[in-house]
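The values are calculated or read from the model by the stated rules, or taken from the named source; none is laboratory data. Keep in mind that what you see is a predicted model, and the values were worked out from it rather than measured. Because the Cβ atoms are built from the backbone with ideal geometry, glycine has one as well, and the counts that use them run over all protein chains shown. Areas reflect the complete protein model, heavy atoms only, side chains present, ligands, DNA and RNA absent. Shrake-Rupley method; radii C 1.70, N 1.55, O 1.52, S 1.80 Å.
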Amino acid sequence: MAGKMSKTQVTLTEKTAAKPAAAEPTLLSGGNPQIAKGYGEAPVQAYIAAMPGWKSDVGRRLDALITRTVPNVHKAVKWNSPFYGIEGQGWFLGIHCFTKYVKVAFFRGASLQPLPPGYSKQKEVRYLDIREDDEIDDAQLAAWVEQASQLPGERM
């Protein structure tokens, strides 16, 4: 009987066996991580950690710059994208991964000076697309973030 287990031992072993580690988030089209909707730091950090390749470094850099510029920033992941806003005032910025770039969306970007370079079909929205080898002007980006955080946010 050496080496054999009773049905009770097998059941207990199956119930107490270590659970497998959580699976890596699915990457949607364009490499955008599929992260469950959630509010606060944890879901945003999960999104950033799941951004593929060089985009994760860009995500960490953007998140640090936004947090440094707007210390009371409110964070969430909605529609598989991190959002940044002021609690009770709405969202002023969102980030989204695409195949070849990371898109920063300023929801009231048409009111920023100077205007962010990317146009939108939505009158108020302006974009900044960051590609792998782009130099990021931290001072300009921080100025846009500060301006955007002081404008009325979007309710989403």
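Taken over the chain, lysine pairs spaced eight or more positions apart, or on distinct chains, with alpha carbons under 13 Å apart number 5. If you take all other residues with their beta carbon under 12 Å from the beta carbon of L93, and give Lys and Arg +1 and Asp and Glu -1, the sum is +1. Take region 62-156 with all the other protein chains still there, run a 1.4 Å probe, and you get 53 Å² of accessible area per residue. Loop-located GluC sites (Glu not before Pro) in region 53-156 (DSSP state other than H, G, I, E, B) with a sparse environment of at most 15 neighbouring Cβ atoms within 10 Å: E87, E124, E132, E135. Each residue, R60 and D134, gets one label point 7 Å from its Cα in the Cβ direction; the gap between the two is 2.0 nm. Note that the chain shows a convex hull volume over its alpha carbon atoms of 161 Å³ per residue.
For region 46-111, the share of accessible area belonging to carbon and sulfur comes to 55 percent (1.4 Å probe, ligands and nucleic acids excluded). Between helix 41-50 and the chain there is an angle of about 80 degrees, using the helix long axis and the longest principal axis of the Cα atoms.
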